[in-house]
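> The structure's right below; bear with me while I get my questions together.
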Amino acid sequence: MSVVEQIKQAETIEAPRLGEPYLLTPGPLTTAYGVKEAMLRDWGSRDAEFIAMTAEMRERVLTIAGLNAPEFDCVPMQGSGTFAVEAMMGSLLPRDGKALVLANGAYGLRIAKILERIGRDHTLIDKGDYLPPRGEEVSAALSADPKITHVVVVHCETSSGILNPIEEIAEATEAAGCKLFVDAMSAFGAIPIDLQRVRYAALAASSNKCIEGVPGIGFVVAPKSELEAAKGNCHSLSLDLHDQWVGLNNNGQWRYTPPTHVLAAFVEALRRHAAEGGVAARGGRYSGNRDILVEGMRGLGFETLLSDRWLSPIIITFFYPSSSAFDFNRFYDLIRDRGIVIYPGKLTVADSFRIGCIGQLGEDVMRQVVEASAAALREMDIQDASPPAEALAEREKLSA
């Protein structure tokens, strides 16, 4: 049975079998039964089999990144994706360096907060919720401040679902003689990053997004020259990428207790990613999910926070309806009762909610999401889920 056939089977068998709802979130997300099953065995963290599994994980991540060249390496880090981002910033940004952080949502702002907390000089371009940072803005900022040595961008800003134009940002960064850090947390594995067009000094991602593993491992992909230069630079013992890298290359072992079960699930998820057809196939499935979701929700009157040109295939943010009868908590619970979990909590200025397109999901589940939303609106006696006119006017004004 092909991976695509397994996905279709999972939609009708696996989740009901386990009594689980479908997770329409940006991670943790719905995983394949085989990924869950990989966690049933206990592993010795110093055992040869586990060491081999760690090596396989690092090699497969580099393959997904399109980096078979020996000058790059993958360094895993215990913890969530934010742990990996902080490890990247604290280890690879020199203490006398300065970062330009490009933000258009909560995760870009979180990077600025990390830099503030660890005492690294930085400046911020905050674009709000609707718009991406553009190459010309980066060029202007770098020209105005020659102290800036690095630029940091989130590839897919999951607080709004915006897909940032990293190719033009990378071009502006390289033209100014600076280096680029990419938070690829919600894009890696589904949206390609061509190193010929996006020359980055480091990229951070995690196990539980587009690879469809479970939470607990982040990783950084970087040239070995960057990792070598990071010796003694990190503010933290446990988040020191250089020391982690040296330890792994010396004996294949993690410095401190690794999340063994998470790694086993991650390796299984990486194998499935390859079997499905890699980045192109995974991204294609997610794009199909997005298209069905957006068309169906718009048919109910809902509208997206972002204009179409910036919609990612990862997660979609919708405005609240203007109806006074709409209560998000009730809407959430009504959908949850139908086996669908969407992302609660508002991370944008506008009143909005998010629905993810990623995970072990396909077209049938996305149609179920639309049907569940329609049923919830009926129970709330809402005939039309259209947002306030001023919300759409603001989106169009900013997107012009």
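> Once you put a point 7 Å from the Cα of Arg95 and another 7 Å from the Cα of Glu174, both along the Cβ direction, what distance in nm separates them?
About 3.2 nm, to one decimal.
> Can you give me the relative contact order of the chain as a percent, contacts being Cα pairs under 8 Å and 6 or more apart?
Rounded, it is 24 percent for the chain.
> Over what distance in Å are the Cα centres of the range 138-153 and the range 27-85 separated?
Centre-to-centre distance over Cα atoms comes out at 33 Å.
> By per-residue mean of other Cβ atoms within 10 Å, what is the highest-first order of 154-164, 106-116?
154-164, 106-116
> Longer than 23 Å from Cα to Cα, which of Lys179/Lys224; Lys98/Lys224; Lys113/Lys179; Lys209/Lys397 are they? Say none if no pair is. Please list the in-between numbers first.
Working: Lys179/Lys224 15 Å; Lys98/Lys224 21 Å; Lys113/Lys179 20 Å; Lys209/Lys397 32 Å.
Too far apart for the 23 Å limit: Lys209/Lys397.
> Summing +1 for each Lys or Arg and -1 for each Asp or Glu, what net charge is found among the other residues whose Cβ lies under 15 Å from the Cβ of Gly135?
Numbers: positive: Lys127, Arg134, Arg197, Arg199; negative: Glu136, Glu137, Glu167, Glu168, Glu171, Glu174.
My count for the surroundings of Gly135 gives -2.
> Given the rule -39500 (n - 2.57) for each run of at least 4 DSSP H residues, summed and divided by the residues of the chain, what is its mean residue ellipticity at 222 nm, to the nearest 500 deg cm²/dmol? Walk me through the numbers before you get to the answer.
Working: 15 runs with 175 residues, N = 400.
Calculated mean residue ellipticity at 222 nm is -13500 deg cm²/dmol.
> Right, here's the next one. With a 10 Å radius around each residue's Cβ, average the other Cβ atoms per peptide and rank 315-327, 349-361, highest first.
On the way: 315-327: 19.0, 349-361: 23.7.
Packing order, densest peptide first, comes out as 349-361, 315-327.
A short reminder: the numbers here are calculations on the coordinates, not readings from a lab. These figures come from a predicted structure and were not determined experimentally. Please note: Cβ atoms are built from the backbone with ideal geometry, for glycine as well, and neighbour counts cover all protein chains shown.
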